[in-house]
Each structure stands twice: as C-alpha cells, then as structure tokens.
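The structure appears below as structure tokens.
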C-alpha cells in the first residue's frame, strides 16, 4: 500500500506541474523595450555643413595624349545653408598621380602630375528623408595644373611639355557639376558619395570634361529654429 500511495503522489505532482508553470508565467511579464531610433532627430535646418573625403579623378594631362591618368587625392567642402533648400558652397580639391606620355626619345615614362581646384557656387537640397538626402551643385573657379615637374631627360635637361604631349603649368577655368548622396548615420553625421563632371579649359584644346568622385563624412552644425 505504501508503494501505491507513493506512485499516486508522484502522478498527482506530475499532473499539477503545468498548472504551477502557467501560474508562474502569468505572474512574470516580459519587460517592453522601446525600439532604438537613432535617426528620429534628423532635420535639415542646419546653418552649416562641412565635408571631407577621399577623391578620385580620371584626367587627361595634355591635348595630344591618348593615355589618361587616374589621380587620387582629397575633397574638402563647406556649405552655408540660407534655407532648408538653398546654400552656398566653397570647395578645395587636390588630385595627384602619374600620367602616360607620348612616345619620346627623352626617356620620360609616367611623369608625376597634379591638380588643385578651388571653386564655389550654389547648392540645392533635393529629395530627403531621415535616412538619406540628395544635393545638387554647380561650382565655378580655377584649376592650378602642375604638369612639368617631372619633365626632364636622361641628362637632367628640361623638356618642353608639348614635346611629350602635355599641357604647360597654368591656372585655368574649372567647374564641377554634380551632386551628392548622403546616408545619415546620426542627426549630425552622414556618409557622402559625391560624383561630378569636372570641366576645365587649359587653352589649347578648349573645354573638356573629366569624371571625378569622392567619398567621405559630412558633419552638420548650427540650427535655425524658424526657417523654410
């Protein structure tokens, strides 16, 4: 009989176990955690915006060259926004690398070339939301081209740039027509991709267009409370 009572007790305990579990679960409530929304504070009423990034340009350093040059460098911009849509941008860029040269008897192969551009112009903010914003710009200014620093023959004598198909060193008209795509990482910080058509006029071949692009970080600062 004792064994029977033990068996009955164990079976009763097993049968009642789900009831105790349900009661414990009913008493415990999972805490509700509010979802994180790091971009909920993104607004486009900032007065200032600064940008810095790595830049690339596909450039042809002379009127008679077949081979172009792939130049790398920097792109720095500052924008003053007067409304949420319209601003004024100042821009400095530098591109550096080597370029192909025309076949020549001077032993010149892949000389160093560089460009430094300084431009300014209007900026327009296009379609935007808390995740992404687009801007468009038309910048105008000058381009200081350095094409002669490595043009020396085997005896250290200076070679005229036209003898190897290059432009001469000069400051020429320059313009950047393009825009940017900003991927917001916080209300103040964004990752930017900025492609451009770079127009330059070094005199002997008229205005020509080259492709350029930069990637980097945008930082927004200063807010106006009542702007449209």
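Rule-based calculations on the coordinates, nothing more; no lab input. For clarity, every value in this text was computed on a predicted model and none was experimentally measured. FYI the Cβ positions are ideal-geometry reconstructions off the backbone, even for glycines, and counts take in every protein chain you see.
With labels modelled as points extended 7 Å from the Cα through the Cβ direction, what inter-label distance (nm, one decimal) is found for residue 146 paired with residue 106?
Result for the modelled spin labels: 1.8 nm.
Go through 175-181, 41-47 and give me the packing order, highest mean Cβ count within 10 Å leading.
On the way: 175-181: 19.4, 41-47: 15.1.
With the highest mean Cβ count within 10 Å placed first, the list reads 175-181, 41-47.
Using per-residue counts of other Cβ atoms within 10 Å, averaged over each peptide, order 208-214, 123-129, 92-98, 153-159 from highest down. Could the numbers behind the result be given before it?
Working: 208-214: 17.0, 123-129: 14.7, 92-98: 19.3, 153-159: 10.6.
Packing proxy ranking, top to bottom: 92-98, 208-214, 123-129, 153-159.
If you rank 81, 48 by fewest surrounding Cβ atoms within 10 Å, what's the result? Write down the numbers at each step before the final one.
Working: 81 22, 48 14.
Neighbour counts put them in this order, fewest first: 48, 81.
Distances over 18 Å make up what percent of all Cα-Cα pairs in the stretch 89-221?
61
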